[in-house]
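Okay, structure first, notes after.
The values are calculated or read from the model by the stated rules, or taken from the named source; none is laboratory data. Note that this is a predicted model, so its numbers are computed, not measured. Counting neighbours? That spans all protein chains shown, and the Cβs are built from the backbone with ideal geometry, glycine included.
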Amino acid sequence: MAEVIFRDLVLKSGLEKRFEVTSAGTGDWHVGEQADPRTLTALAANGYNGQSHRAKQFEPSWFDRLDLIVAFDRSQERTLKSWTMVEADQTKVQLLLEFDKDQAGQVEVPDPYYADAATFEAVLQMIQRACTSLFRQIEPGINRRPT
């Protein structure tokens, strides 16, 4: 959800040449698979298209080229930080909800997998608010000169 939503914010701002937006799990359970149908339904109901998304696993070599790595929960955060080779890369790992002052107290994005469609929708709304807040914090620092 977050990749699709954040990519949409970037495209609407005209800054797609300034961002690399990707999503990856810390495990390899669903590599190559499409998003859960309930995720796709929730995205579509909110005007997003997640049909092209395919799951992949995070590669520790990515730390060198990424400025920010966003985790959904403390478990992901711990795993990602354990994969860092230099201390500076640990600061790149941040929890998504911490970017939204109204949700920061919640800390973790709940996993809706074992829940109903309403929970998927609620999680999407959380992610959408946090992604919008994150984008608003990043956007002023993006160089808008043509590449």
Does at least one position in the stretch 69-83 carry a residue that is in contact with a Pro (Cβ under 6 Å, 6 or more places away or on another chain) and not small (Gly, Ala, Ser)? yes
Between residues in the stretch 94-123 that are in contact (Cβ under 8 Å) with a residue 40 or more places away in the chain and acidic (Asp, Glu) and residues that are in a helix (DSSP H, G or I) and surrounded by 14 or more Cβ atoms within 10 Å (Cβ to Cβ), which pairs lie under 7 Å by C-beta distance while being six or more apart or on different chains? Glu121/Ala42
Considering only residues that are aliphatic (A, V, I, L, M), surrounded by fewer than 16 Cβ atoms within 10 Å (Cβ to Cβ) and in a helix (DSSP H, G or I), which ones fall in the stretch 84-100? Ala88
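Quick grid of which residues meet (1) modelled with pLDDT of 95 or more; (2) under 18 Å from Phe6 (Cα atoms):
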| residue | (1), (2) |
| --- | --- |
| Ala35 | no, yes |
| Thr79 | yes, no |
| Ala88 | no, no |
| Leu96 | yes, yes |
| Gln106 | no, no |
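So in the stretch 101-141, with the set limited to residues that are hydroxyl-bearing (Ser, Thr, Tyr) and assigned to a helix (DSSP H, G or I), which one is farthest from Val70 (Cα to Cα)? Break it down stepwise before answering.
Kept after step one, since they are hydroxyl-bearing (Ser, Thr, Tyr), are these residues of the stretch 101-141: 113-114, 119, 132-133.
Cutting the leftovers down to assigned to a helix (DSSP H, G or I) gives us 119, 132-133.
On the way: Thr119: 21, Thr132: 14, Ser133: 13 Å.
Ranking the candidates gives Thr119 first.
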